[in-house]
Amino acid sequence: MGDAHPEHAQLQADRIYLGWQYALLHPDPGPPPKRPAREDLELPETDPEWVRKEKLQEDLLNRPVKLFRTFMTGLAVVFVLLGLVRLLDWSFVAMGLVAAGGVAGICSYAIRQGNRAVQIRVQERQARTDKERARKDRENLAAQQEHAEKYREWTERKTLFDKQLSWYAVAVPDEIDRVDVAGGTLPGWSALITLIGATRLYSGGHLTVLDLSEGAIAKDLIELAKRGGDDPLVWVLPSDLPKLDLGATLKPEAFADVLAHVVSVSEETSRDIGFDNAILERVLEVLGDTATISQVTAALRALAQVGDPRDDLRFGLLTATQLERIGTLFGRGVADRVVIERAWALESQLRKLETLGTEAVRLPPARLRVVSMDRQAGVFGNRVLGTYVATALTHILRQSPASERPWYHTIIVAGADKLRGDVLDRLMDACETSQTGLVLTYRSLTATVRERLGRGHAAVAFMRLGNAEDARVASEHVGTEHRLELAQLTESVSSVVNGGSGVYTSTVGASRTESEPKDRGDLRAGITESTEWGRNAGTVTEGVMHRSREFLVEPHQLQQLPTTSVIVTHATADGREVRLADANPAILTFPKTTLQEVRAIRPSTTTLPPVEALDEDAPPPNLGPPPPRLDWRKPGR
């Protein structure tokens, strides 16, 4: 399968690609038209058997006449002999000869007429045969001309079918600033995040991945980024918590807000965190702008009257002046008991973050940053860490100027259903105001997720939904009247490739230095060599490139979607647009994949559209100066 059109195109830096839509604009013409059967028209001049039968029949009819003619001829001879021997008078002989000869002549004439009739019938039959032959020749010539015309048309359709594009990019519209991905498996998320991340990085953007799935779904993306010349930063929490300085530059008010949301991770969503926020703000006023988490927990222990404060004094977490001020923050009386209880609760949960930033080092900038949760850690501890990272990112975005390029910086939160609803709301708002692209993936459609699914300027992408209730909600959201085309290649690859396996390897450390800029390399070769999808896709593509089936968006179909299938839907002025895409990043390497969308090509299908791929040698598009980069790693708290 060669590339019929070597022309190439670049990734668009302002587009977010969610997959590839399978569509054949030119249908399969089927087998070539059959050549018309040529009948045997070489008929003989006369059929010998038929002629023989005709002559035999004429002979049978003429036999009595011939016998009678012979008799009359013999009688004439007798008359002559009798005349010669003078037994009869020659007058009588003449009369006999006239009579016998006349009868014999009449018989001969009758015989001759019969033979002539046979010849006429033979000639008429030959004429009919010639006429039939001429008619059949004309029909055969017309059939051959018709077959030649049909074959030319079939050849043209076959050429269009063989050379046409089959995979078209599925990109979100320009006005979309968030993508909500509902459902899916870890391999499916791995494929989707690899595709989004690869197209972001290779078009010059920046990407931050917060992996709460504990499934190492960005592992292929990290390998691909390394091969493309990037040097990603990977934090694996909680082991890398001392090296994580995210939030180190936050002001005390923002830092208190972050910690209050972290504490609320185990509380009901509807609970007001204002009281916790007030306690933390006052504690931070005492500790100063450079307070660490360990100092905050020491102050909360003193406020809650837990343990011996002299230990914290000895370790340098608190000073005597700070300890004295903490003891008089909230006065005495009935309210004291409420403060003590909340301070105790705050300390018990914030102590999981005590090592945050204690060994932070200056790290070189990276266009790909991954913060993940270790699957060996506790579930509740990972939720606390995830909430902290998400909330700290929110405050950094709120303090950053709005980008002039939508999706230039993209944040992916995998497993966002593990975060509280208000944490998600604040992150969405911060990304919207700062022009930061946001991709949220949800394993299940909880009540919190359903309230926020597709809200605002967001596109919704549904992947495999194993839960029957989730599938029902998704089908109602999309609409069961939509008929989608699923490529057999999607089903085949999804059944043999198990992406997203393995664990992350931390890349942060004191020995890391800023590296020299590297060539970004070839994206197609990188996907083929660096990702599980690229290494396995080529083994199952033979024989299934042009096979597909249609299905309706129904709950049982959504429960059986292939791993990488993504149903992308969003509202438009003409109604809801629904497209089925394959998030398999290896499809980008196929020669019949284009960066154009099918709706841009479908209106004109009479000519073959050019195949567009990635031109890694072409310079990136001139989009003006890049927006300010979000910097986590400033020294501070």
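The values are calculated or read from the model by the stated rules, or taken from the named source; none is laboratory data. What you see is a predicted model; the values in this text were computed from it and never measured. Backbone-built Cβ (ideal geometry, glycine too); neighbour counts: all protein chains shown. Only protein heavy atoms, including side chains, enter the accessible area calculation; ligands, DNA and RNA are left aside. Shrake-Rupley method; radii C 1.70, N 1.55, O 1.52, S 1.80 Å.
Give the accessible surface of segment 430-492 per residue, rounded to a whole number of Å², with probe radius 1.4 Å and ligands, DNA and RNA excluded. It would help to have the intermediate numbers written out before the result.
Details: 2520 Å² over 63 residues.
With the other protein chains kept in place, segment 430-492 gives 40 Å² per residue.
Check residue 88: other-chain or 5+ apart residues with amide H under 5 Å from its amide H, H built from backbone geometry?
Long-range HN contacts for residue 88: 83.
For segment 375-386, just list the computed ³J(HN,Hα) in residue order, Karplus coefficients 6.51, -1.76 and 1.60, θ = phi - 60°, integers in Hz, with x standing in for Gly and Pro.
5, 7, 7, x, 5, 5, x, 5, 5, 5, 5, x
To the nearest 20 debye, what charge dipole does segment 68-129 have about its Cα centre, counting +1 at the Cβ of each Lys and Arg and -1 at the Cβ of each Asp and Glu? Please list the in-between numbers first.
Details: 7 positive and 2 negative charges, 85 e Å.
Here segment 68-129 has a charge dipole of around 400 debye.
Mind checking the full-extension length gain between residue 99 and residue 37? Use 0.36 nm per residue of separation minus the Cα-Cα distance, one decimal, nm.
15.9 nm
If Lys and Arg each add +1 and Asp and Glu each add -1, what is the summed charge of the other residues whose beta carbon sits under 15 Å from the beta carbon of residue 70?
+2
For segment 256-261, in order, what is each residue's ³J(HN,Hα) by Karplus, 6.51 cos²θ - 1.76 cosθ + 1.60 with θ = phi - 60°, in whole Hz (x at glycine and Pro)?
In residue order, the calculated couplings are 5, 5, 4, 5, 5, 5 Hz.
If we count every other residue with Cβ under 12 angstrom of residue 214's Cβ, Lys/Arg +1 and Asp/Glu -1, where does the sum land?
Working: positive: 375, 383, 418, 443; negative: 211, 374.
For residues surrounding residue 214, the net value is +2.
Can you pick out the pairs among 226/251; 55/131; 251/418; 34/136 whose Cα atoms lie more than 30 Å from each other? Please report the intermediate quantities before stating the final value.
Working: 226/251 34 Å; 55/131 24 Å; 251/418 26 Å; 34/136 19 Å.
The pairs that break the limit, which is 30 Å between Cα atoms, are 226/251.
Restrict the search to segment 289-320; then list the trypsin sites (Lys or Arg not before Pro) that DSSP places in a loop and that have at most 10 other Cβ atoms within 10 Å of their Cβ.
Loop-located and lightly packed - none at all.
What does the charge count near residue 443 come to, summing +1 for each Lys or Arg and -1 for each Asp or Glu among other residues with Cβ under 15 Å from its Cβ?
0
Report the chymotrypsin sites (Phe, Trp or Tyr not before Pro) located in segment 239-320 that are in a DSSP loop and have at most 11 other Cβ atoms inside 10 Å of their Cβ, or state none.
Of the chymotrypsin sites (Phe, Trp or Tyr not before Pro), the ones in loops of segment 239-320 whose Cβ has at most 11 other Cβ atoms within 10 Å are 315.
Would you mind putting 239-252, 89-102, 48-61 in packing order, based on average other-beta-carbon counts within 10 Å, highest first?
Per-residue mean Cβ counts within 10 Å order the peptides as 239-252, 89-102, 48-61.
Dipole of segment 265-399 (Lys/Arg Cβ +1, Asp/Glu Cβ -1, origin at the Cα centre): which of 350, 395, 317 lies farthest to the positive side?
395
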